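Encoded as structure tokens, the structure appears first; notes follow it.
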Amino acid sequence: MQQYKYTAVNLQKEKFSGTFIAQDERDLAAQLAKQNLFLVSCSLYSGKTPSAFFTTGTGKVPLQELTTFCSQFSIMLTAGISILEALDSLKEQSFSSFFHNLLVMIYDDVKSGIMLSEALNKHKKVFPDFFRSMVYVGEAGGKLEMVFKSLSEYYEKDNAIKRKTKSAFSYPIMLGCMTVGIVILMLLFIVPTFRETLNDLDVEIQGLTAVIFKLSDFMIAYWLYILAIICVLGIAIVVFAQTDYGSRLIDKLKIEMPIIRKIQIDLITSRFARGFALLLSSGMDIVEALDTVSIVIGNQNVAARFKKATEEVKHGTSLSVAFEKQNIFPQILLQMIAVGEKTATLGDVLNRSCSYFDDQVDATLSSVTSKIQPVMLILMGGIIGVLFIAIYSPMISIMTSLV
């Protein structure tokens, strides 16, 4: 028996499509005929995730589309619409072609009788692990509409934090790129012009000016090699970052570097608090929730310590004590967890604390940005100022001697 994807029409010439299990095409046509449908075309259904090369190119569902999908799906389920009808409606929405093709496949799978979580698990590389785990919990507990509403809020807030993080660092990065660009332009074009002028005036070049002129000569002579080395180093860093050791090293640096350490810890704390609260409110027990929420931490170094804490909880240690031993989260969160454990309201406490940690992320980003921007401006002005002094100081000496 094989699974076919078919297109058929009825006596009123209305078109229908879906999947059906049959021995061959003749058997498929016979089975459809029993339903007063006439086979138009069919093909073997592979169930494989569609290629993202000509669409998003990332192989992942864009976070914004996933948020919209969760929100609309939750509204439909709350209104009493069945899962299959909701999927049928959503696959006609204005999503990207990649996500549309995914929804069509998921709809066909659910229509054939499998669970929604099973249909999503066929596309593990596309949908986040946390998302798939939550859908499974929602189906098992009969709270699918609540889970999708919570997922929509979770991804919306997580996306907002990511946008704020990118926005906070975009200006310093732009200043750094501008500084590098100005220095390169001066060394390649402006410095040689001044050098020719000074040579015509038979001026002795010495000190800082001589150093800048030599640097300019070096860049002009070897710019192609320098560019090649930069490209090779860039590729090497990208490849290294994708290895297990490289990704672990980068994650370790993220939580140890003075400038970004506070941001990373606040981001991880915010994600954990929201994700863990979501899992607990969905009916999952603490140990299973700990295993699931580790997916959203996003830092291998912290995740390794988090796993050790989880093992301690499995052996009877309280959550707050286990986290404190591993030095994972700020004291304020540990205190909240301790209160939640004592009062048996851990999920509610974490839910109420989510907004606090979101505010902490915003405050940290604003603080870091306000400190970085003046430093970058001073650095930019200093570098460009040194170049101008080196270039113009011989000219100023000539004018002074003429007075």
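The values are calculated or read from the model by the stated rules, or taken from the named source; none is laboratory data. Small disclaimer: the values here were computed from a predicted structure and weren't measured. So basically every Cβ, Gly included, is an ideal-geometry build from the backbone, and we count neighbours across all protein chains shown. Please note that ligands, DNA and RNA were not included when accessible areas were found on the heavy atoms of the full protein model with its side chains. Shrake-Rupley method; radii C 1.70, N 1.55, O 1.52, S 1.80 Å.
Just a yes or no: is a residue in segment 152-161 hydrophobic (A, V, I, L, M, F, W, C) and over 14 Å from the mean Cα position of the chain (by Cα)?
Residues of segment 152-161 hydrophobic (A, V, I, L, M, F, W, C): 160-161.
Cutting the leftovers down to over 14 Å from the mean Cα position of the chain (by Cα) gives us none.
No: zero hits.
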| said: Considering only residues that are part of a helix (DSSP H, G or I), open to solvent by 20 Å² or more (accessible area, probe 1.4 Å) and hydroxyl-bearing (Ser, Thr, Tyr), which ones fall in segment 335-364? | reply: THR343, SER355, TYR356
| message | Checking ASP129 against (1) open to solvent by 30 Å² or more (accessible area, probe 1.4 Å); (2) among the acidic types (Asp, Glu); (3) under 16 Å from THR67 (Cβ atoms): exactly one of these is not met. Which one? | response | (3)
| remark: Given (1) open to solvent by 30 Å² or more (accessible area, probe 1.4 Å); (2) without any contact (Cβ under 8 Å) to a residue 24 or more places away in the chain, MET115 misses just (2)
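Go through GLN264, GLN242 for me and flag whichever is among the polar types (S, T, N, Q) and either touching a strand residue (DSSP E or B) at 6+ places or on another chain (Cβ under 8 Å) or loosely packed, with under 15 Cβ neighbours inside 10 Å (or both). Don't jump to the end; show me each part of the working.
Numbers: GLN264 fails: either touching a strand residue (DSSP E or B) at 6+ places or on another chain (Cβ under 8 Å) or loosely packed, with under 15 Cβ neighbours inside 10 Å (or both).
On inspection, the qualifying residue turns out to be GLN242.
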| query | Which ones in segment 79-103 are in a helix (DSSP H, G or I), open to solvent by 30 Å² or more (accessible area, probe 1.4 Å) and hydrophobic (A, V, I, L, M, F, W, C)? | reply | ILE83, LEU84
| field | All positions within segment 60-78 that are open to solvent by less than 30 Å² (accessible area, probe 1.4 Å) and assigned to a loop (DSSP other than H, G, I, E, B) | value | VAL61
| task | Just give me the residues in segment 21-71 being within 18 Å of LYS111 (Cβ to Cβ), touching a helix residue (DSSP H, G or I) at 6+ places or on another chain (Cβ under 6 Å) and at pLDDT below 75, in sequence order. | result | PRO50
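Only one of THR317, THR209 is touching a Pro at 6+ places or on another chain (Cβ under 7 Å) and surrounded by 12 or more Cβ atoms within 10 Å (Cβ to Cβ). Can you tell me which? Don't jump to the end; show me each part of the working.
On the way: THR317 fails: touching a Pro at 6+ places or on another chain (Cβ under 7 Å).
Residue meeting the stated conditions: THR209.
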| message | Considering only residues that are assigned to a helix (DSSP H, G or I), among the aliphatic types (A, V, I, L, M) and touching a helix residue (DSSP H, G or I) at 6+ places or on another chain (Cβ under 8 Å), which ones fall in segment 195-238? | response | LEU198, LEU208, VAL211, ILE212, LEU215, MET219, ILE220, ILE226
| request: Quick one: in segment 280-303, of everything that is farther than 16 Å from ARG132 by Cα and touching a Ser or Thr at 6+ places or on another chain (Cβ under 8 Å), which residue is modelled with the lowest pLDDT? | output: SER281
| note | Among residues of segment 365-390 being free of Cβ contacts under 8 Å to residues at least 24 places away in the same chain and among the hydrophobic types (A, V, I, L, M, F, W, C), the residue most open to solvent (accessible area, probe 1.4 Å) is ILE378
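For residues that are under 20 Å from GLU288 (Cβ atoms) and not hydroxyl-bearing (Ser, Thr, Tyr), tally how many sit in segment 103-159. Can you show your working first?
Step one: filter segment 103-159 for residues under 20 Å from GLU288 (Cβ atoms), giving 115-118, 120-121, 124, 127-144, 146-148, 150-151, 154.
From the residues that got through so far, the ones that are not hydroxyl-bearing (Ser, Thr, Tyr) too are 115-116, 118, 120-121, 124, 127-132, 134-135, 137-144, 146-148, 151.
The total comes to 26.
Restricting attention to segment 267-292, report how many residues are among the hydroxyl-bearing types (Ser, Thr, Tyr), in a helix (DSSP H, G or I) and open to solvent by less than 20 Å² (accessible area, probe 1.4 Å).
Filtering segment 267-292 down to residues among the hydroxyl-bearing types (Ser, Thr, Tyr) leaves 269-270, 281-282, 292.
Next, from what is left, pick out any that are in a helix (DSSP H, G or I): 269-270, 281, 292.
Those left that are additionally open to solvent by less than 20 Å² (accessible area, probe 1.4 Å): 269-270, 292.
So the count comes out to 3.
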| note | Out of (1) of a type outside the set (Val, Ile, Thr); (2) closer than 23 Å to PRO128 by Cα; (3) touching a residue at least 60 places away in the same chain (Cβ under 8 Å), the one ALA241 does not meet is (3)
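Only one residue in LEU151, LEU188 is exposed (fewer than 14 other Cβ atoms within 10 Å of the Cβ) and touching a residue at least 12 places away in the same chain (Cβ under 8 Å). Which one?
Numbers: LEU151 fails: exposed (fewer than 14 other Cβ atoms within 10 Å of the Cβ).
None of the other options fit; the residue is LEU188.
Take the residues in segment 391-403 that are among the hydroxyl-bearing types (Ser, Thr, Tyr) and open to solvent by 60 Å² or more (accessible area, probe 1.4 Å); name whichever of them is modelled with the lowest pLDDT. Steps first, please.
Taking segment 391-403 first, the residues among the hydroxyl-bearing types (Ser, Thr, Tyr) are 392-393, 397, 400-401.
With the extra rule that they be open to solvent by 60 Å² or more (accessible area, probe 1.4 Å), the set shrinks to 392, 397, 400-401.
On the way: TYR392: 78, SER397: 71, THR400: 69, SER401: 64.
Among residues in segment 391-403 that are among the hydroxyl-bearing types (Ser, Thr, Tyr) and open to solvent by 60 Å² or more (accessible area, probe 1.4 Å), the one modelled with the lowest pLDDT is SER401.
Of LYS262, LYS252, which residue is in a helix (DSSP H, G or I) and at pLDDT 85 or above?
Values: LYS262 fails: at pLDDT 85 or above.
Among LYS262, LYS252, only LYS252 is in a helix (DSSP H, G or I) and at pLDDT 85 or above.
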